[in-house]
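Down below is the structure, laid out as structure tokens.
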Amino acid sequence: MKSVFIGDVQSGAHDGAEVELKGWVKRTRGNNNLRFVVLRDSTGSIQCVVKRDTVGDEVFALLSEALIESSMILKGTVKVDERADGGHELAVLSGNVVGGVDPERPFPITESAMVAADGGETEFLLDNRHLYLRTSRMTTMLQIRSSAFGAIHGYFRDLDFVEYQAPNFVAGAVEGGSTLFEVPYFGRTAYLTQSWQLYAEAAMPALERLYTVAPSFRAEKSRTRRHLTEFWHAEMEVAWASNDEIMQHGEGVVRRIAATLLEERSDALESLGRDLNTVERYAESPYPRMRYDEAVETLQGMGVDIEWGQDLDYSKEKVLTQDFDVPHFLTHYPKVAKPFYHRVDPDDDAYVLCHDLLAPEGYGEIIGGGERTWSEEEILARIDEEGVPREPYQFYIDTRAYGGVPHGGFGLGVDRVIAWLAGADHIREVIPFPRDSRRVTP
Ligand code: 4AD
Ligand code: MG
């Protein structure tokens, strides 16, 4: 292990002390007698000054020749220096290269390759994703991502929810057949799960309050800024709860994520150019609620071509959310726009008791949820009405035969929430190895 991290040195914890730094070369420059090696680790970077006179010819040659991303150990004295990046510098006393880089095969992700990638050559960065992870932008995204996951677990565990796991190989669709991944399964066909929900509902009478954070799979053919074929899904299910109460939790967990990022990752957000006041607004403001009908009228008023009964696709959500300053819940979608499990509104059976949470700045849907059809009779009627086969859902129907109760839950797209809060242009930016219809490598 190592005991000294560069971030701690830069924050002043080792001023004047002799330390041993372990890391990777970010860049190097200098002349025959003096080299500046910028060393990075997971916590930051620091300029290390190597003098031939101090370290001797052999070590000087070794350190001077080390290429970008060579790993090395440097011992030296920490100097406070206002002019240096981060305010500190290491005056190197000795050092050695641990893992070198072959000059025939230099690290491919150079500053100029990054600049070029901004101009659209992102395939290059995606092909080299295993190396791109080391860049400061990606490291920052991964740190933000970790805090977001921690916030979700923290939110639910603080409220005594039980973390519960469902299978990933399943026999039927949750969110419609068009995005199901088929998997050969010993002479039969299985599918990769689109959602934990149906198996969570089976455990609802046992646990009452349950959640998960797990991958879900959707065979999304179109490549968009907000779709992955494998994404991380935070889902929850609560017994005895109404659509309104479920929305309270949706609002609660999203606000908790925003607050946690401000607390743990404000420097990271700023380094990405994110305005902290905006994130603060998301952490502190209540999220308004709007019925689907009102959203459709608003869109029609804006000249958008939409008919009542259609689900809102991205193009419509984008327009609708452009002027929102905080996320908005859209409730009471038409029954025809949603899968069979949504509970029909007892006040008007053209609608279901559901909600989508739409993020502002054009990001769109980040949560989908609502109340469930909980009586056996109604669920059978809804399955038949939708023309869905009963057979794969036998277990799901059966749970209704033994003490059904009102209940509900939601699913939150974790990658989408992170992309929105970090202000990323594309969902791919926030997940280490993004999967879409064209890519399963590296
Ligand atoms: O709205 P969805 O399809 O709802 C469900 O899956 C419910 N069964 C959840 C539940 O009630 N337990 O998906 C929920 C969320 C979406 O709002 C979106 O944020 C995210 O999952 N999502 C995706 N994220 C990235 N890539 C995709 N292809 C996604 N599909 C859905
Ligand atoms: Mg949805």
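The values are calculated or read from the model by the stated rules, or taken from the named source; none is laboratory data. Just so you know, these numbers come straight off a predicted model, no measurement behind them. Ideal geometry is used to build each Cβ from the backbone, glycine not excepted, and the neighbour counts take in all protein chains shown. Only protein heavy atoms, including side chains, enter the accessible area calculation; ligands, DNA and RNA are left aside. Shrake-Rupley method; radii C 1.70, N 1.55, O 1.52, S 1.80 Å.
Quick notes on this structure:
- Accessible area per residue for the stretch 1-125, computed on protein heavy atoms with a 1.4 Å probe, is 57 Å².
- Counted without the sites themselves, the longest stretch of the chain free of chymotrypsin sites (Phe, Trp or Tyr not before Pro) in a DSSP loop having at most 15 other beta carbon atoms within 10 Å is 1-185.
- Heavy atoms of the protein chains alone define the surface here; on that basis the stretch 311-366 has 34 Å² accessible area per residue at 1.4 Å probe size.
- Each label was represented as a point 7 Å from its Cα along the Cα-to-Cβ direction; for L131 and N33 these points are 3.5 nm apart.
- Restriction of the trypsin sites (Lys or Arg not before Pro) in the stretch 1-71 to DSSP coil positions whose beta-carbon has at most 14 other beta-carbons within 10 angstrom yields K2.
- Distance-filtered residues of the stretch 381-421 - backbone nitrogen under 12 Å, label point 7 angstrom along R291 Cα→Cβ: none
- The slack between A116 and D398, meaning 0.36 nm per residue of separation minus the straight C-alpha distance, is 95.9 nm.
- For A424, neighbours were defined as the other residues whose beta-carbon sits under 13 Å from its Cβ, and their charges (Lys and Arg +1, Asp and Glu -1) total +3.
- Comparing F181, P167, L125 along the charge dipole axis of the stretch 78-206, the residue lying farthest to the positive side is P167, per the Cβ-charge model.
- Theoretical gain in end-to-end length, S178 to D348 [0.36 nm per residue, Cα-Cα removed]: 58.4 nm
- Trypsin sites (Lys or Arg not before Pro) within the stretch 208-278, DSSP loop, no more than 12 other Cβ atoms inside 10 Å: K221
- GluC sites (Glu not before Pro) lying in DSSP loop within the stretch 92-141, provided at most 14 other Cβ fall within 10 Å: E104, E121
- To put it simply, the accessible area of the stretch 335-381 at a 1.4 Å probe is 45 percent carbon and sulfur.
- Near L142: Cβ cut-off under 15 Å, other residues only, Lys/Arg at +1 and Asp/Glu at -1. The net charge is +2.
- Measuring between their Cα centroids, the stretch 374-442 and the stretch 51-67 lie 58 Å from each other.
- Here the dipole of the chain is about 1720 debye; that uses its Cα centre as origin and unit charges on the Cβ of Lys and Arg (positive) and Asp and Glu (negative).
- Leading residue at positive end of dipole, the chain (Cβ point charges), from L412, V326, I68: I68
- Relative contact order computed over the stretch 64-162 (Cα-Cα under 8 Å; 6+ residues apart), in percent: 20 percent
- Solvent-accessible area of the stretch 199-303 (1.4 angstrom probe, protein heavy atoms only): carbon and sulfur portion equals 45 percent.
- Filter on K221/K335; K2/K22; K51/K75; K318/K338 - keep pairs with C-alpha separation over 18 Å: K221/K335; K318/K338
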